[in-house]
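Laboratory data are not the source of any read-out in this text; all were calculated from the coordinates shown. As the structure is a computational prediction, the values presented were derived from the model and not from experiment. Positions of Cβ are generated from backbone atoms using ideal geometry, with glycine treated the same way; all protein chains shown enter the neighbour counts.
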Amino acid sequence: MTGVHDRRPELEFTVSPNPASGSFSIRLPGPMNQDGLLTLYNALGSRVAAQTLPAGTTEREINIGELPAGVYTCRIAIGLELAGTKKIVVF
């Protein structure tokens, strides 16, 4: 045994528009096979928003109208596992 574990491949999702104001959309390459969670973090690493992504989701609009301008990290987790991250600029 080497102690090396296979890692789940990074989930390739798109964020548009980026930069964004008011809202942005995420698009997944195909329907999710189980529930997921999209979380936005500010530059300090604090969670500022979260939204459940039900199984079968391929696209979701995220409202960011209340967020101040800045750079945020958008993370998608499936179950307890991080599936992918993207940076998004809010203006």
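Scanning segment 43-57 for residues that are within 13 Å of P68 (Cα to Cα), under 14 Å from the mean Cα position of the chain (by Cα) and of a type in the set (G, A, S) yields a single hit, A49.
For segment 58-90, the tally of residues that are more than 10 Å from the chain's Cα centre (by Cα) and under 13 Å from L11 (Cα atoms) stands at 3.
Residues checked against (1) surrounded by 11 or more Cβ atoms within 10 Å (Cβ to Cβ); (2) closer than 14 Å to S25 by Cα:
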| site | (1), (2) |
| --- | --- |
| Y41 | yes, no |
| T58 | yes, yes |
| I62 | yes, yes |
| L67 | yes, no |
| I76 | yes, yes |
| L80 | no, no |
| A83 | yes, no |
| K86 | yes, yes |
| F91 | no, no |
